[in-house]
Amino acid sequence: EDFFGWGGDPHFGPFHIASYILIFYGLSLLASAWKILYKAQKDHTLAVTGPYVHIRHPQYVGFVIIILGFLLQWPTILTIAMFPILVWMYIRLAKREEADAEKEFGDAWRLYARQTPRFIPRRNKPKVNEFFQKIIIWRTK
């Protein structure tokens with residue numbers, strides 16, 4: 001905010017407020033995704049409920065949103081340089097996990113992956129409905 005010549009308390013400037021919103025949303029997404037993922041791993045099923053209805057990797061999207069929020073607060077050369085590297089690493093990790101999930105869950109995973117975007121949710125209503133979720137969960141048991 002100093003860069004733009006805005007006076008006042010920087011903690012209440014537009015970049016900080018935007019960063020607070022991003023960090024809070026990212027943490028909320030991460031928390032809700034981990035609850036679902038923990039249960040799915042415990043039950044040895046695919047995570048297809050909660051935020052997993054909209055995207056296949058809400059935990060990584062949550063991390064990226066949090067990092068982006070902190071980047072708005074502390075934009076240094078190092079944080080700006082590291083941001084795309086971290087995003088690239090999360091994309092690679094997600095693809096590796098998807099390959100493992102396909103090996104483990106087969107057709108159920110492929111059906112879920114066809115219906116659910118990897119990182120960016122669709123603007124229209126998700127196609128995963130309750131019946132579809134039950135089929136995926138049934139096929140993974």
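Do we find a residue being over 27 Å from residue 14 (Cα atoms), over 11 Å from the mean Cα position of the chain (by Cα) and among the β-branched types (Val, Ile, Thr) anywhere in the range 37-48? Don't jump to the end; show me each part of the working.
Let us first name the residues in the range 37-48 that are over 27 Å from residue 14 (Cα atoms), namely 37-48.
Those left that are additionally over 11 Å from the mean Cα position of the chain (by Cα): 37-48.
With the extra rule that they be among the β-branched types (Val, Ile, Thr), the set shrinks to 45, 48.
The answer is yes; a qualifying residue exists.
Just checking, which of 49, 76 is of a type in the set (Val, Ile, Thr) and more than 18 Å from residue 118 (Cα to Cα)?
Working: 49 fails: more than 18 Å from residue 118 (Cα to Cα).
So the residue among 49, 76 that is of a type in the set (Val, Ile, Thr) and more than 18 Å from residue 118 (Cα to Cα) is 76.
Is there any pair with a first residue in the range 2-23 that is among the β-branched types (Val, Ile, Thr) and a second that is at pLDDT 90 or above whose Cβ atoms are under 6 Å apart and which are 6 or more apart or on different chains, and what are they?
If the second residue must be at pLDDT 90 or above, the pairs left are 23/66; 23/69.
Looking for whichever is farther than 30 Å from residue 11 by Cβ and either among the acidic types (Asp, Glu) or modelled with pLDDT of 95 or more (or both) here; the options are 91, 120, 65, 136. Which one fits?
Details: 120 fails: either among the acidic types (Asp, Glu) or modelled with pLDDT of 95 or more (or both); 65 fails: farther than 30 Å from residue 11 by Cβ; 136 fails: either among the acidic types (Asp, Glu) or modelled with pLDDT of 95 or more (or both).
Residue meeting the stated conditions: 91.
Here's a check for you: in the range 44-82, which residue that is without any contact (Cβ under 8 Å) to a residue 24 or more places away in the chain and either outside any helix (DSSP H, G or I) or polar (S, T, N, Q) (or both) is most open to solvent (accessible area, probe 1.4 Å)?
Among those that are without any contact (Cβ under 8 Å) to a residue 24 or more places away in the chain and either outside any helix (DSSP H, G or I) or polar (S, T, N, Q) (or both), it is 74.
For the range 55-80, what are the residues that are of a type outside the set (A, V, I, L, M) and within 14 Å of residue 21 (Cβ to Cβ)? Give the steps one after another, and end with the answer.
If we filter the range 55-80 for residues that are of a type outside the set (A, V, I, L, M), which is where we start, we get 56-60, 62-63, 69-70, 73-76, 79.
62, 69, 70, 73, listed by residue number.
Residues of the range 54-87 being within 21 Å of residue 100 (Cβ to Cβ) and in contact with a His (Cβ under 8 Å, 6 or more places away or on another chain), which ones?
Selection gives nothing.
The values are calculated or read from the model by the stated rules, or taken from the named source; none is laboratory data. For clarity, every value in this text was computed on a predicted model and none was experimentally measured. When we count neighbours, we look across all protein chains shown, and the Cβ atoms used for this are built from the backbone with ideal geometry, even at glycine. For accessibility, only protein heavy atoms count, side chains too; no ligands or nucleic acids. Shrake-Rupley method; radii C 1.70, N 1.55, O 1.52, S 1.80 Å.
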